[in-house]
Amino acid sequence: MQPVMRRRLAIGAGTLPGSARVFSSAPSSRPSSLRTSPPQPLSRPKQTPISLPRQHHGRPFSASVPLHQETQPPSTLLANGLPSSGISRLRSRSLISLSGPDAAKFLRGIITNELPTDYNTLSYAAFLSAQGRILNDVFVYLDPRSKPPSPDVSPDSFLIEVSTSEAPTLAKHLKRYKLRSKCTISLLPPEQASIYAAWGCSNDSLKTSPEESGIQIHSYPDPRFAPSGSPWFRLLTFTNPESEPTALETEKHLPIPDETLPKHPEQVYHLLRYSLGVAEGQSEIPRDSALPHEFNLDLLGGIDFHKGCYVGQELTIRTEHRGVVRKRILPAMLYPSSSSSSPPEQLEYSDMKDLARKITPGSNVTKVGGKRGRPAGKWLGGIGSLGLVLGRLEMMTDLKLPGEAAVGVGMGWKEGDEFEVEVEGQEGETQEGQEKEKVRVKAFVPGWLREKLEEKMERKQGRRQ
């Protein structure tokens, strides 16, 4: 592989906004519970702070990926080089409106989680097929535009956030199950509603009065990032019908009290999400083929194992109580496959000519020098050198599966194992005499994932005793 110019944004040892160590390639020595006090950062040699390169034509992170960014106050950087706070508009997400007398009952019967209980919270959930496979990962909100006149009246209007490319498909899926339920289903155009993600700030700094701005802004804590201890929020904005600002005006002049909160392109949000090992949308969670446990919905609060029946519940419950999850989502880093390159010790973001986008999602990750057989995992997507893999835990990590014996001679994880993936995904289609181009991949175990799995194992052992 040709040498590449790296702009390193060291995501060192998993440091996140307001959190402690996140990434580790060795077993954690900390207690399994995070409820008493936040863990302390992993000590390491003092490093020279890495600052962002000078921005050219609105490209703060990459020379090959255009990341448009408005002029704004500079953002404070964490030790990992990523912005410690900010807000990003998520154009890749859209809203579906579901309202009517039977809306709550209908929706409760087809999603994996309970509905939100008030207008300040949201529910992270998924729609499953009858075989228990993920169709869509979603957020469910009570529609703040249709609050009942009295607290005694049950809300009957909801908003469902889903990938923009999947919104028409999900709307069709809802209508398929609607039957005689008294509810209406419609897509909200981006001119009426927008979705934002914010991090490293307080909830109060995101609240504003619609009378002052002409735009309604509603913020909600994002439950997926709660295990990391980092404050993340989802924002919904609705335009005032009287003022009717355009979507562009809404994005440039988002009227939040904290004017110092920097605005970042959506790809910065994705980089932070990759660093946590959190998948989102059907470009990363393949429709009708992914299991909820493999994509960590059980650990991220996306499944209520005590709620009533829903489509796909049988396999999900059986996996939780009797099955062993052998594959899970992991953050991963690409690095050159040359003999002079060694596996990275910490997760880093570098340009690498946006190599991640040259790898076909779903490409097999295989062990270097290993025998042909089942792959160690699959590449799901990424930006630059950073992305996500669906990896076999016993092959790509030091995690031990509960109640499992050794997986076989030469197949378990060993210190120094390396893995690779083919660029462009051209498996078996190279010209005669030409070798396939490959790049090395290293998966990391986020600290929150290791601790959640330890807690889950302890609970299961406690029930058996």
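The values are calculated or read from the model by the stated rules, or taken from the named source; none is laboratory data. Computed from a prediction, not measured in an experiment: that's the story for all the values here. For accessibility, only protein heavy atoms count, side chains too; no ligands or nucleic acids. Shrake-Rupley method; radii C 1.70, N 1.55, O 1.52, S 1.80 Å.
Its residue count N sets the reference 2.2 N^0.38 Å, and the alpha-carbon radius of gyration of the stretch 85-185 equals 1.08 times that reference. Backbone phi angles across the stretch 230-238, fed through the Karplus curve with coefficients 6.51, -1.76 and 1.60 (θ = phi - 60°), yield HN-Hα couplings of 9, x, 10, 9, 10, 10, 10, 10, 10 Hz in residue order; Gly and Pro are listed as x.
Here's how it looks for PHE419: its modeled amide H is under 5 Å from those of VAL368, VAL441, which are all 5 or more places away or on a different chain. Reducing the stretch 174-201 and the stretch 257-332 to their Cα centroids gives an inter-centroid distance of 19 Å.
For the residues THR184, THR121, THR112, a 1.4 Å probe over the protein chains yields an accessible-area ranking, largest first, of THR184, THR121, THR112.
Amide hydrogen proximity for ASP143: with H placed 1.01 Å from N in the peptide plane, the residues at 5 or more positions away or on another chain lying under 5 Å are SER157, PHE158, LEU159. In the stretch 285-365, Cα pairs under 8 Å separated by at least six residues give a relative contact order of 26 percent. Each residue of the stretch 298-308 was assigned a 3J(HN,Hα) from its phi angle through the Karplus expression (A = 6.51, B = -1.76, C = 1.60, θ = phi - 60°), giving 5, 9, 9, x, x, 9, 9, 7, 10, 7, x Hz with x at Gly and Pro.
Once all protein chains are placed together, MET457 keeps about 70 Å² accessible to a 1.4 angstrom probe. For the stretch 294-408, the share of alpha carbon pairs falling in successive 5 Å distance bins from zero is 2, 9, 16, 19, 18, 14, 10, 7, 3, 1, 0, 0 percent.
Put simply, the amide H of LEU115, placed in the peptide plane, has no neighbours under 5 Å, leaving out anything fewer than 5 places away on its chain. The lysines within cross-link reach of LYS452, meaning a Cα-to-Cα straight distance under 25 Å and a gap of 8 or more places when in the same chain, are LYS307, LYS327, LYS378, LYS400, LYS414, LYS442, LYS460. Per-residue accessible area (protein heavy atoms, 1.4 Å probe) orders HIS218, HIS321 as HIS321, HIS218, starting from the largest.
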